[in-house]
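K.L.:
First the structure, which I've put down as structure tokens, then a few questions once you've had a look.
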Amino acid sequence: MIELTIHGRGGQGGVTLAKLIATAYFLRDKHVQAFGVYAAERSGAPLQAFVRIDDEEITNHNQVSQPDHVIVLDPTLIGPQVTRGLKPEGWVILNTPQPAVAFAEVFAGRNVAVVDGTGIAVAQGLGTRAVPIVNTTMLGAVARVFGLELADVEAALASVRFHGPNVDSAREAFEQVRQTTLPGEFRPAAPAETNGHVAGILDADVGGMPSIHTGNWATRAPHRRQLTPPCNQGCPAGNDVRSFVEAAGREDYAAALEIILKTSPFPGVCGRVCPAPCMTACNRGDFDQAVNIREIERYVADHAPRPEPTYPWRAHAVAVVGSGPAGLSAAYTLARLGYRVEIFEGGPALGGLLRTGIPEYRLPQHMMADEIEYILAHGVLPHVNHFVDRQELHRLSTTFDAVFVGTGLQVSRGLKLGPEAGGSEGRVEQGIDFLDRVRHQDVSVKGEDVVVIGGGNTAIDAARTAVRLGAHRVRVVYRRTRDQMPAIMEEVNEGLDEGVELHELVAPLRMHEDLGRLVLTCQRMRLGEPDESGRAQPIPETTEDAVFDLCCDRIILALGQSADLSIVPEGAQVRDHHRLVGLTAAPIFLGGDVADNAGTVTAAIGGGRIAALHIHRTLTGEDLFPPPAEPVAGPDVIGMQLFAHRPRQEGLVLRPPDRRITFTEVRRGFLDEPSHRPAALEAQRCFSCGVCNQCDRCVQHCPEGIVRREGAGYEFDYSYCKGCGLCASQCPRGVVYMAQL
Ligand code: FAD
């Protein structure tokens with residue numbers, strides 16, 4: 001932003017000059033602001049006008065206190081005071097018949113431009129020598145110094161229908177202005193109030209206290225509160241989203257990472273595959289576009305150094321069964337609290353569905369492995385190929401002080417496709433198995449016609465994977481409509497871009513083989529009344545063509561999974577917070593999909609962490625749960641009008657034709673270029689809903705000067721506050737509010 005201060009006298013057209021300068025830049029597509037400061041001043045009284053010029057919308061409406069350049073319209077005002085607050089490299093543009101060296105003393109070391117604005121204006125008949133009107137003349141000089149063209153000057157003047165002598169005098173000044181840097185050492189101008197202290201608006205003693213006590217003027221008074229940012233409330237992992245975004249906005253990515261690591265060991269994973277409910281909740285979505293929180297998290301995870309793992313020592317030991325995000329999050333939380341943690345995983349490696357389900361093109365295995373490595377570095381001991389059944393769980397509960405069970409959903413739903421389905425020689429299979437086999441390069445669908453049945457993440461990932469493996473045609477059949485699919489909608493859209501076909505309102509009936517091909521008989525559906533889940537129920541169509549056949553080479557079933565609760569000891573019941581009660585041995589808690597079927601990585605991370613805190617409280621009595629959340633700062637409390645619209649920084653995405661032939665990651669994150677700083681720029685779009693970030697607007701806008709910064713907080717002097725509410729109306733974050741006295 002460029003800020004200018006114009007010093008002139010009443011009647012000389014200083015405010016008009018401000019507007020003309022602003023107009024010249026406005027016509028060059030800049031955002032501008034121009035205003036004067038005067039009240040009852042009469043003609044001839046010194047007054048100031050200000051200009052702001054920026055590439056982005058300008059929301060600061062305060063007077064300019066540290067101008068980039070100053071312009072002096074009246075020779076009698078020339079003196080050191082005009083450079084108060086002026087930046088060292090700024091120009092001092094003077095209306096004077098004298099050469100710049102005449103001011104060598106007063107403006108030593110400064111950039112000075114001189115022009116005889118009065119002489120030119122009077123010669124052109126603009127005012128008299130006693131009361132010259134020098135604004136349009138000085139516009140020419142200013143334009144020359146700032147690198148504008150004469151055409152800009154003419155356009156600005158034409159826009160307000162200033163012709164003839166105004167244009168001629170501006171042209172003369174454009175040509176006659178002389179610029180130089182004066183010799184000598186630059187000395188900042190003496191401060192406005194001496195005593196060695198520059199008074200600022202935030203100083204308590206500026207202007208002293210207002211003289212009128214509140215008395216019975218006020219019925220309301222300002223107060224401060226902290227609300228819950230909607231992103232924080234929306235994060236199932238329990239991350240302090242607002243705080244890490246704020247740290248990223250300061251480009252303190254290490255601090256941002258530490259904030260995330262307090263609640264989640266998986267910033268890199270979540271920065272890639274989280275459906276980002278925080279972004280759905282983001283108030284900025286009501287203004288322009290939600291802050292791109294997921295990309296910021298990814299950037300932080302990929303760029304900030306991980307802190308050394310620290311874990312105190314405790315005597316208690318906890319067993320964790322299952323190593324999906326729930327189990328690993330529980331293990332991480334417990335290890336950081338000092339517990340000795342051992343993980344028992346039935347599969348050959350850690351990671352749960354992060355390893356076996358979510359494909360490489362969305363979650364590169366090496367990055368998931370790095371995050372698991374970091375969890376283990378907290379002293380966690382893993383055992384793989386160690387399946388835990390009911391008996392083994394009982395054994396663990398007698399040898400450990402507590403057990404966490406995060407076994408996910410292990411039972412895949414099947415479909416009765418008819419007796420012929422059995423003879424399909426592995427060409428009908430579960431989506432989860434298909435995805436796992438692909439990881440082991442144990443599958444080929446090249447040239448095949450593939451039909452996937454289902455509408456969840458597994459269905460879409462299986463379909464997109466088949467495309468990448470060179471399938472000739474991939475169709476997803478789903479008995480409801482696209483907007484009712486449980487799959488993450490971005491994934492659905494990306495799949496369609498890659499050539500996956502979606503057949504909505506189609507339900508499979510039966511299957512048989514014909515001449516070596518699979519034939520899936522399907523039923524067209526329509527939507528009826530809502531069922532108990534609130535979604536419109538699909539009901540069969542009765543038209544003539546409602547039943548039809550789809551021929552294909554492979555059918556992939558992705559109809560959802562459910563929990564295998566055979567591990568739960570007989571007689572045990574799942575109670576509050578997924579604790580198993582009715583047992584005599586160590587406490588057992590469930591978490592993740594096995595407990596709530598929430599179906600997202602973040603929810604599993606949150607479930608594992610909360611269960612870990614329950615275990616900690618059960619074993620020690622110490623309560624580490626976050627305090628009850630404050631009310632959410634909804635869009636109604638945010639001062640949206642105080643923010644400028646700014647386009648969202650988007651991450652890079654591979655083009656669909658490139659995606660069809662490779663398992664390379666589709667989303668590439670922000671363009672990593674230091675000069676571009678997209679993560680910080682994007683983080684700076686955050687409204688900081690409901691949380692004060694010391695923007696000082698309440699101080700700046702209080703007409704009585706009774707709001708005072710006290711350290712990181714603020715105080716109101718209620719003896720003088722008249723309850724006007726300006727501070728509250730100017731608080732962008734809903735922190736300052738008005739309430740009865
Ligand atoms: P899991 O990840 O299922 O882990 C359970 C672990 O327990 C497994 O390692 C299993 O081997 C082990 N285990 C089970 N039984 C035993 C036993 N008896 N003894 C020992 N070990 C046992 N969510 C998102 O947020 N974003 C996505 O993009 C996304 N994509 C998905 C794509 C697919 C294909 C699938 C299937 C799911 C996807 N999800 C996604 C959902 C997400 O992966 C799950 O919600 C999450 O992994 C659940 O975590 P969990 O720890 O509860 O269970």
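The values are calculated or read from the model by the stated rules, or taken from the named source; none is laboratory data. Source: prediction; values computed, not measured. For neighbour counting, all protein chains shown are included, and Cβ atoms are generated from backbone atoms with ideal geometry for every residue, glycine included. All accessible areas refer to the heavy atoms of the entire protein, side chains included, with ligands and DNA or RNA removed. Shrake-Rupley method; radii C 1.70, N 1.55, O 1.52, S 1.80 Å.
K.L.:
How many residues are without any contact (Cβ under 8 Å) to a residue 40 or more places away in the chain and within 18 Å of Gly734 (Cα to Cα) if we restrict to the stretch 663-694?
P.N.:
1
K.L.:
So which residues in the stretch 215-273 are within 16 Å of the ligand (Cβ to nearest atom) and open to solvent by 60 Å² or more (accessible area, probe 1.4 Å), if there are any at all?
P.N.:
If the condition is that a residue be within 16 Å of the ligand (Cβ to nearest atom) and open to solvent by 60 Å² or more (accessible area, probe 1.4 Å), then no residue fits.
K.L.:
Could you tell me which of the residues Val445, Val403 is farther than 25 Å from Ala595 by Cα and more than 11 Å from the ligand (Cβ to nearest atom)?
P.N.:
Unique residue meeting the criteria: Val445.
K.L.:
Kindly indicate the residue of the stretch 622-649 that is hydrophobic (A, V, I, L, M, F, W, C) and outside any loop (DSSP other than H, G, I, E, B) and also modelled with the highest pLDDT among those meeting that condition.
P.N.:
Once the filter is applied, the top-ranked residue is Val632.
K.L.:
Say we look at the stretch 523-538 and pick out the residues that are part of a strand (DSSP E or B) and open to solvent by less than 70 Å² (accessible area, probe 1.4 Å); which of these is farthest from the ligand (Cβ to nearest atom)?
P.N.:
So the residue we want is Gly528.
K.L.:
Kindly provide the set of residues from the stretch 729-741 that are within 30 Å of the chain's Cα centre (by Cα), in a loop (DSSP other than H, G, I, E, B) and of a type in the set (A, V, I, L, M, F, W, C), ordered by number.
P.N.:
Passing the criteria: Cys731, Val735.
K.L.:
Another question about this same structure. Would you point out which residue out of Asp596, Asp658 is within 14 Å of the ligand (Cβ to nearest atom), more than 26 Å from the chain's Cα centre (by Cα) and open to solvent by 40 Å² or more (accessible area, probe 1.4 Å)?
P.N.:
Asp596
K.L.:
Identify, from the list Phe589, Phe625, the residue that is farther than 19 Å from Gln410 by Cβ, in contact with a Lys or Arg (Cβ under 9 Å, 6 or more places away or on another chain) and not β-branched (Val, Ile, Thr).
P.N.:
Phe625
K.L.:
Hey, another quick one. As an exercise: evaluate Leu157 against (1) more than 26 Å from Thr83 (Cβ to Cβ); (2) open to solvent by 10 Å² or more (accessible area, probe 1.4 Å) and give the number of the one condition it does not meet.
P.N.:
The single condition Leu157 does not satisfy is (2).
K.L.:
What's the number of the condition Ile71 fails, among (1) farther than 23 Å from Leu157 by Cβ; (2) buried (at least 22 other Cβ atoms within 10 Å of the Cβ)?
P.N.:
(1)
K.L.:
Run Gly338 past the list (1) in a helix (DSSP H, G or I); (2) more than 14 Å from the ligand (Cβ to nearest atom) and report the number of the one that doesn't hold.
P.N.:
It fails just one condition, (1).
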